[in-house]
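Note sheet for the following structure.
The values are calculated or read from the model by the stated rules, or taken from the named source; none is laboratory data. What you are looking at is a predicted structure, and each value in this text was computed from that prediction instead of being measured. Note: ideal-geometry Cβ built from the backbone for every residue, glycine included; neighbour counts use all protein chains shown.
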Amino acid sequence: MRPSVCQSLLVVAIILIVSVATLSFAAPSITSLSPTSGPVGASVTITGNGFGPSQGTSIVKFNGTTATSITTWSDGSIVATVPSGATNGNVVVTVSGQPRDRTDLLYQAEC
């Protein structure tokens, strides 16, 4: 017996749902910071990949303090303003709940 159009469409829909559900997104990767030191309020360019085409719910933190001003966001570059309260330490980019930092790339917050 030949399957009906509805049965065929149901099979295709199930395959698509399973395919989308099993997609995994790569964690962001940071390759550089520029500059690596400066005062609160300075703009810092974070270069890498996997940041996504727009910020959405993604965040940048300077040693645990969330940057509240992001002027540019693309898949390979972010420009964030060093937030008030930032101290020396890691810069962390979190995309789709996946945080990423580089322990060898630190931002030195100047007074």
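Below, the figures for the structure above:
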quantity: Selected residue [more than 22 Å from THR103 (Cβ to Cβ), touching a residue at least 40 places away in the same chain (Cβ under 8 Å) and surrounded by fewer than 14 Cβ atoms within 10 Å (Cβ to Cβ)] from PRO39, PRO53; calculated: PRO39
quantity: Filtered residues of region 1-33 (kept if modelled with pLDDT of 55 or more and surrounded by 11 or more Cβ atoms within 10 Å (Cβ to Cβ)); calculated: PHE25, ALA26, ALA27, PRO28, SER29, ILE30, THR31, SER32, LEU33
quantity: Residue selected from region 56-67 under the condition touching a Ser or Thr at 6+ places or on another chain (Cβ under 9 Å), over 16 Å from PRO39 (Cβ atoms) and among the β-branched types (Val, Ile, Thr), by the criterion surrounded by the fewest Cβ atoms within 10 Å (Cβ to Cβ); calculated: THR57
quantity: Count of region 79-108 residues which are acidic (Asp, Glu) and either closer than 12 Å to THR65 by Cα or buried (at least 17 other Cβ atoms within 10 Å of the Cβ) (or both); calculated: 1
quantity: Any pair with Cβ under 8 angstrom, 6 or more apart, that starts in region 82-111 at a residue that is without any contact (Cβ under 8 Å) to a residue 60 or more places away in the chain and ends at one that is among the acidic types (Asp, Glu); calculated: ASN90/ASP101; VAL92/ASP101
